[in-house]
């Protein structure tokens, strides 16, 4: 309970000391539309495993035949190669914005069959595709696997981390760039990470103060920027815009509750209407004290156990805490600490305040 109280007091101190919103760079609260990474995926084979592969799974056999064919080796029809040292895998990667042919990116390799471990394996050259079905990179290399899996003849197993997922640093070479129209499109858009009309208006005003008439608000997320054509000019203006400072609007009042772990995060804008909170619990205890019962002398009775139950109920002392109108985060935390509430109790209390209309905040339960 003391650790929970300390945690809540630390939260209180952090939010209370924060005060007004601090200036933030425009680049930290949003991004230009179209300037983003793209996801790539591929299907390939990892070889060189120490007997921890997929064995003779059909899709692995087909993939092995395909790779052999590309290398000029034709396997005889009807022959099923033993592939305990190979595994069918899915390769995923992110292609950064403006990545050019010849640059290298990291890839993640994951098994898709019965392989027990990828430790010691090497990925055979595999094309990586984008959402449009085009090849954007080629992956190949030795895997770095952080997990470990071992098993004994008696069926016992030991697994550390996840041995069926590996990573290849700089494991793929970019083959073609993703087309971008940021240098010639008539209107370039900038998007907030979180919608807020006040914040987007302040961003517009900050940009127009440096470049009059350049920015217009389209909605609570998007600004339309009228930039002159040309990659060189636009890149310079975009760099200056990203470094401008603004004061974002105060975050919405929100209480986030993780019902599985009991973690509760309360934003500094949370307020309470006048309310009284009562917290207590009923403890019921049942004690079993069976007694041995002996039969009468010379009778046909048998020794038996006679149940003897004692039931007691105790209501722990209730404590009522009252919070006044417009109570701040500090007062909310003090009130909940005075009740000696556990994380599970805090969830129930906050839900009750929300239902009663006393909690002026969005209650998010995950």
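Here region 137-162 is the region considered, the condition is being assigned to a loop (DSSP other than H, G, I, E, B) and at pLDDT 85 or above, and the residue that is nearest to the chain's Cα centre (by Cα) is 145.
Candidates in region 96-107 are the residues that are assigned to a strand (DSSP E or B) and surrounded by fewer than 22 Cβ atoms within 10 Å (Cβ to Cβ); of these, the one that is farthest from the chain's Cα centre (by Cα) is 104. The number of residues in region 164-198 being within 10 Å of residue 221 (Cβ to Cβ) and either in contact with a strand residue (DSSP E or B) (Cβ under 9 Å, 6 or more places away or on another chain) or exposed (fewer than 15 other Cβ atoms within 10 Å of the Cβ) (or both) comes to 8.
Against the list (1) more than 18 Å from residue 34 (Cα to Cα); (2) surrounded by 14 or more Cβ atoms within 10 Å (Cβ to Cβ); (3) touching a helix residue (DSSP H, G or I) at 6+ places or on another chain (Cβ under 8 Å), the condition residue 223 fails is (1). Restricted to region 114-128, and to residues there that are at negative phi and surrounded by fewer than 17 Cβ atoms within 10 Å (Cβ to Cβ), the residue that is modelled with the lowest pLDDT is 114.
Scanning region 231-250 for residues that are outside any helix (DSSP H, G or I) and either without any contact (Cβ under 8 Å) to a residue 24 or more places away in the chain or surrounded by 14 or more Cβ atoms within 10 Å (Cβ to Cβ) (or both) gives 244, 246, 247, 248, 249, 250.
The residue pairs whose first member lies in region 33-48 and is in the same structural domain as residue 168 (by TED's automatic domain parsing) and without any contact (Cβ under 8 Å) to a residue 12 or more places away in the chain, whose second member is assigned to a loop (DSSP other than H, G, I, E, B) and loosely packed, with under 15 Cβ neighbours inside 10 Å, and whose beta carbons are closer than 8 Å, counting only pairs six or more residues apart or on different chains, do not exist in this structure. Out of the residues in region 7-65 meeting the condition of being modelled with pLDDT of 85 or more and part of a helix (DSSP H, G or I), tell me which one is nearest to the chain's Cα centre (by Cα). Out of the qualifying residues, it is 28.
The values are calculated or read from the model by the stated rules, or taken from the named source; none is laboratory data. Since the structure is predicted, the reported quantities are computational estimates derived from the model, not experimental observations. All Cβ positions, glycine included, derive from the backbone under ideal geometry; neighbour counts span all protein chains shown.
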